[in-house]
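Participant: Let me give you the structure first, and then I'll get to my questions.
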Amino acid sequence: MSATAKSAADIDLAADFETPSREQWEKEVLKVLNRRRPEGKELDIEQAYKRLTSRTVDGLEIRPLYTQEDGAEELGFPGVAPFTRGTRVRTGDMNDGWHICQLHEDPDVATTRKAVLTDLERGGTAVWLRVDPDAVATADLGEALADVLLDLAPVHVSSRTDQIGAAQALAKVFAESEKDSASMSGSFGIDPIGFAAQHGTAPDLSVLADAIELARPFPNVRPIVVDAGMFHNAGAGDVQELAYALATGVEYVRALVEAGLDADAAFDAILFRVSAGTDQFLTIARLRALRTLWSRVGEVLEVTPARRGAVQHAVTSLRQLSRDDAYVNVLRATLSSFAAAAGGAEIQTVLPLDTVIGLPNELSRRIARNVQVLLAEESNVGRVNDPAGGSYYVENMTQQLSEKAWALFGTLDEQGMAQAVANGTVAAQLEETNQARSKQLATRKIPLTGVSMFPNSHETPLERAPRPEAPELGGIVPIRDAAVFEDLRDRSTAAASAGKAPKVLLACLGARRDFGAREGFTSNLYHVGGIQTVLAEGETPEDFARALTEAGTTIAVLCSSAKVYAQQGLDVAKALKDAGAVEVRLAGQLKELGTDDTQGLVDGNVFDGMDVVELLTDTLDKLEA
């Protein structure tokens, strides 16, 4: 090495670049936004900020730029109250990351036993079984766990139908083991408020005392789970999920204290199960905010500072999984798992890509497991303490979430979360959020890759063993963002099976340079609903009229540029109407026709930001699909 060589730490890669000022950034932003605006109609910087600022379905403001003023006044440290940066310190050792804890739901006990062992042999470090009539049977739990070293791998159970029965079954497995009871860990999954929300009943908090007694021989097992992720899968926004977790946790602590525990022991008994979504920054901020707020609750209740941390089990979002183009779910899982890791979750579950299609197979389970293994062992995410900490955006979102969730928590706590579930308050809040989200999904402000955007119109659907029929519970139910689009595709598939495949003619006017971009956009738009598009090029209006008849459809869309629309648009539209078209639309803006009077020949337009669900539903109705 030469005498002038520098170490990597001494090299400043930005040394040759000036640090831009905020004013310079704003100047460049205005250049872009005003590029095609007429003179005298330009936006000023305040209008530009307003245009570039968006809000989530539950009111979180996302601005285009964050600066030091938006960051935290003090970052603090991981492993100490208020635990914003993590409940413990990651030293850099591989084992300091998180538990890889995959979910098992297959009712065939031999299959589940094999899958459990495969997970633990190939990267998994914990086990989670759902015990229900449509999942693992209570009587089969011991056999399903027969190969598990209970002193090494934590075991978690949950149930939608009999939580105390599932907990008792796991306690029996622990008790019959030759291992030291103090070496066993996991959770019993007792969550009476969540159970009542699923069943539409009033919560019975007396079961909490039973859970504590059941766990008494096993000091490292957390008997109580606050399943906030269940509300996420029923439609809750980030603020709501966080507030519901706090309100439920506080209610449980009060009940446990009344049952004779001190606040420290009550805190130690609770595990939070939360969602990890595809918005990685919001997921990171929400996990950080939950720890911050739970620590504040502990401070008010005079919990010992070291025991105020919220231990979190992050599960990738079921609501955000799609049935169609299912391999995109691997991308969703990777984003979500990274966010959970960066957010400091102690336990993670990645749902397999085919979860909503049927029972996952060996390959999809392997992929789900390896998403975490790769993040932990190759990307080394688990070695880093709070990697997003200090980011102005993440710190601002953590603060926003904390403030809004604390306010909602206050209103819920006034009546009690149990009462809010029983009287329908929570269900009403979820319905309101779902309606707001459905509008953003329909207009693709919330895009779903492979579903509402870039659909794979020629995919071969995955086939999986069907899940057993699940019992109807009567309360809030899981929903999926993609379901409304999948329903549209199902209508088209059914029509095609009956010999009436729905089609739309794309009348491509002019040369490809004129219509190419809009033809591509429009094709993808209709493919979202499984509707075939037939491309037609021609020189005269009669050419397009003939193409409509040959395509066997009654709906057409004009695709071209403003210049060509002004020259040919209305003539082609008239020819299409005369040929039997019941609807003619235009790709772009109607003003591009060069006249305000469309003579009733153009029925509407297609454009980015329109209500896609409304368009496709109306199209299928008109095509009698």
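Participant: Based on the Cβ-Cβ distance of LYS27 and GLU469, what FRET efficiency does E = 1/(1 + (r/R0)^6) give at R0 = 51 Å, to the nearest 0.05?
Facilitator: 0.25
Participant: Provide the FRET efficiency to the nearest 0.05 for the LYS50-ASP210 pair, computing r from the beta carbons and using R0 = 35 Å.
Facilitator: 0.05
Participant: Which order do peptides 115-128, 51-64, 584-597, 287-300 fall in by mean Cβ count within 10 Å, highest first?
Facilitator: The most tightly packed comes first, giving 287-300, 115-128, 584-597, 51-64.
Participant: Note down the net charge around GLU537, summing +1 for each Lys or Arg and -1 for each Asp or Glu among other residues with Cβ under 14 Å from its Cβ.
Facilitator: -2
Participant: Hey, another quick one. Report the gain in length on full extension from LYS563 to ASN423: 0.36 nm times residue separation, minus Cα-Cα distance, nm rounded to one decimal.
Facilitator: 44.4 nm
Participant: Calculate how steeply helix 238-258 sits against the longest principal axis of the alpha-carbon atoms of the chain, using the helix alpha-carbon long axis, and give the answer as 0 to 90 degrees to the nearest 10.
Facilitator: Helix 238-258 sits roughly 20 degrees off the main axis of the chain.
Participant: So if I take the centroid of the Cα atoms in the stretch 14-61 and the same for the stretch 252-284, what is the distance between those two points in Å?
Facilitator: Here the two parts' Cα centres lie 41 Å apart.
Participant: Oh, and also: Order TYR392, TYR327, most accessible first, counting only protein heavy atoms with a 1.4 angstrom probe.
Facilitator: TYR327, TYR392
Participant: From the phi of every residue in the stretch 219-225, what ³J(HN,Hα) in whole Hz does the Karplus formula 6.51 cos²θ - 1.76 cosθ + 1.60 yield, where θ is phi - 60° and glycine or proline is x?
Facilitator: Per residue, the Karplus-derived 3J(HN,Hα) values read x, 9, 9, 8, x, 10, 10 Hz.
Participant: Which value, in debye to the nearest 20, gives the size of the charge dipole of the chain about its Cα centre, when Lys and Arg are +1 and Asp and Glu are -1 at the Cβ?
Facilitator: Using Cβ point charges on Lys, Arg, Asp and Glu, the chain gives about 920 debye.
Participant: Using Cα centres only, tell me the gap between the stretch 599-617 and the stretch 377-439 in whole Å.
Facilitator: If you average the Cα positions of each part, the centres end up 36 Å apart.
Participant: Between VAL582 and THR549, what length in nm is gained on full extension when 0.36 nm per residue of separation is reduced by their alpha carbon distance?
Facilitator: Full extension of this stretch gives 10.6 nm more.
Participant: Per residue, how large is the accessible surface of the stretch 225-306? Use a 1.4 angstrom probe and give square angstrom.
Facilitator: Each residue of the stretch 225-306 exposes 26 Å² on average to a 1.4 Å probe.
Participant: Treating the beta-carbon of each Lys and Arg as +1 and of each Asp and Glu as -1, no other charges, what is the dipole magnitude of the stretch 488-537 about its Cα centre, to the nearest 20 debye?
Facilitator: Dipole size: approximately 80 debye.
Participant: Angle, helix 562-578 long axis vs. longest principal axis of the chain, Cα atoms, 0 to 90°, nearest 10?
Facilitator: Orientation of helix 562-578: about 80 degrees from the principal axis.
Participant: Consider the candidate values [x] 23; [y] 34; [z] 16; state which one is percent of Cα pairs over 49 Å apart computed from the structure displayed.
Facilitator: Among [x] 23; [y] 34; [z] 16, the one derived from this structure is [x].
Participant: How high is the relative contact order of the chain, given as a whole-number percent (alpha carbon pairs under 8 Å, six or more residues apart)?
Facilitator: 13 percent
Participant: Can I ask one more? Set Lys and Arg Cβ to +1 and Asp and Glu Cβ to -1, take the dipole of the chain about its Cα centre, and tell me which of LEU52, ALA265, LEU150 lies farthest positive.
Facilitator: Working it through, the farthest residue towards the positive pole turns out to be LEU52.
Participant: Could you let me know the centre-to-centre spacing of the stretch 445-469 and the stretch 289-344, using Cα atoms, in angstrom?
Facilitator: Measuring centre to centre over Cα atoms gives 25 Å.
Participant: Run the accessible area of the chain with a 1.4 Å probe and give the carbon-and-sulfur part as a rounded percent.
Facilitator: 51 percent
Participant: Ok, one more. Suppose the chain between ASP264 and ALA15 were pulled fully straight at 0.36 nm per residue; how much longer would it get relative to their current alpha carbon spacing?
Facilitator: Computed gain between ASP264 and ALA15 is 84.4 nm.
Participant: Please give the net charge around ARG319, taking every other residue with its beta carbon less than 15 angstrom from that of ARG319, where Lys and Arg add +1 and Asp and Glu add -1.
Facilitator: It works out to a net charge of -2.
Participant: Let me check I've understood the local charge: for ALA501, count other residues with C-beta under 13 angstrom from its C-beta, Lys and Arg +1, Asp and Glu -1. What total comes out?
Facilitator: Charge balance near ALA501 sits at +3.
Participant: If we sort 535-543, 158-166 on the protection proxy, mean other Cβ atoms within 10 Å, highest first, what's the order?
Facilitator: 158-166, 535-543
Participant: Say R0 is 45 Å: what FRET efficiency, to the nearest 0.05, do LYS439 and ARG307 get from their beta-carbon distance?
Facilitator: For R0 = 45 Å, the calculated efficiency reads 0.55.
Participant: Could you state the angle between the C-alpha long axis of helix 392-415 and the longest principal axis of the C-alpha atoms of the chain, as a value from 0 to 90 degrees rounded to the nearest 10?
Facilitator: 70 degrees
The values are calculated or read from the model by the stated rules, or taken from the named source; none is laboratory data. None of these values were measured; they are calculated from a predicted model. Please note: Cβ atoms are built from the backbone with ideal geometry, for glycine as well, and neighbour counts cover all protein chains shown. Heavy atoms of the whole protein, side chains included, go into the accessibility calculation; ligands, DNA and RNA do not. Shrake-Rupley method; radii C 1.70, N 1.55, O 1.52, S 1.80 Å.
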